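Report on the structure given below.
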Amino acid sequence: MEKRVSKENYYLDIAETVAERSTCLRRRYGAIIVKNDTIVATGYNGAPRGRKNCSDLGRCIREELAIPRGERYELCRSIHAEANAIIAAPREQMLDATLYISCTSPTGELVPGTCCCAMCKRQVINAGIRSVVVRDTKTDFRVITVEDWVNNDDSLEGKFGY
């Protein structure tokens, strides 16, 4: 009898598939919000509706300016996957929900060690999401308790690391 995939990896597989819709030339993120074993919303990183995507333009301004990861997001054309999922979900369905995130390179390889940026962390906190599950490998993941982000407020110390 074949072993079933864990529930976390089931949802992370879906988030990874959602990431395939990403239009970012640097990283493809997919996010899904799940509450009571029901998918509430999905999101991937891409330009706002009606605007041209970096993949359509064939260029990334942050890449051209050699801006390191985690810096100068105001120059990015994209809305992050987490934010797009939050925008698409009703608030009452996000309270105590879980956010699943997967990140791949433009060629499809998983990118380990990723997490929400400082802005997305604030949105996740405000949405009332309880935990974030981030994929590192096809079977390994991290579970982050959002309350830890509230109690360990890195914005007070000027830290912006992931």
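The values are calculated or read from the model by the stated rules, or taken from the named source; none is laboratory data. Bear in mind that the values here come from a model prediction, so they are computed numbers and not experimental data. Counting neighbours? That spans all protein chains shown, and the Cβs are built from the backbone with ideal geometry, glycine included. The protein model used for the area step is the full one, side chains on, heavy atoms only, and it has no ligands, DNA or RNA in it. Shrake-Rupley method; radii C 1.70, N 1.55, O 1.52, S 1.80 Å.
Below, the figures for the structure above:
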item	result
Apportionment of accessible area to carbon and sulfur, the chain, percent (1.4 Å)	50
For the stretch 13-162: relative contact order, % (alpha-carbon pairs under 8 angstrom, 6 or more apart)	23
The chain - share of DSSP beta bridges that are antiparallel (%, nearest 5)	85
Overall Cα dimensions of the stretch 1-68 - principal axes, largest extent first, Å	50, 25, 19
Charge-dipole axis of the stretch 1-43 as Lys and Arg at +1 and Asp and Glu at -1 on Cβ define it, positive-most pick from S6, Y29, T17	Y29
Cα-projected label distance for T139 with L75, points at 7 Å along beta-carbon direction, nm	4.1
Virtual spin-label span in nm between N152 and E20, 7 Å along Cα→Cβ	3.5
Stokes-Einstein D for the stretch 1-155, Kirkwood Rh over Cα pairs, 4 °C, 1.567 mPa s (µm²/s)	82
From the C-alpha gyration tensor of the stretch 43-120, square roots of 5λ in Å	23, 16, 12
Residue-normalised accessible area of the chain, expressed per residue, 1.4 Å probe, Å²	58
Peptides ranked, highest mean first, by Cβ atoms within 10 Å: ranges 75-81, 119-125, 148-154, 29-35	29-35, 75-81, 119-125, 148-154
Additional length obtainable on full extension of the chain from E2 to L95, 0.36 nm per residue less Cα span	30.0 nm
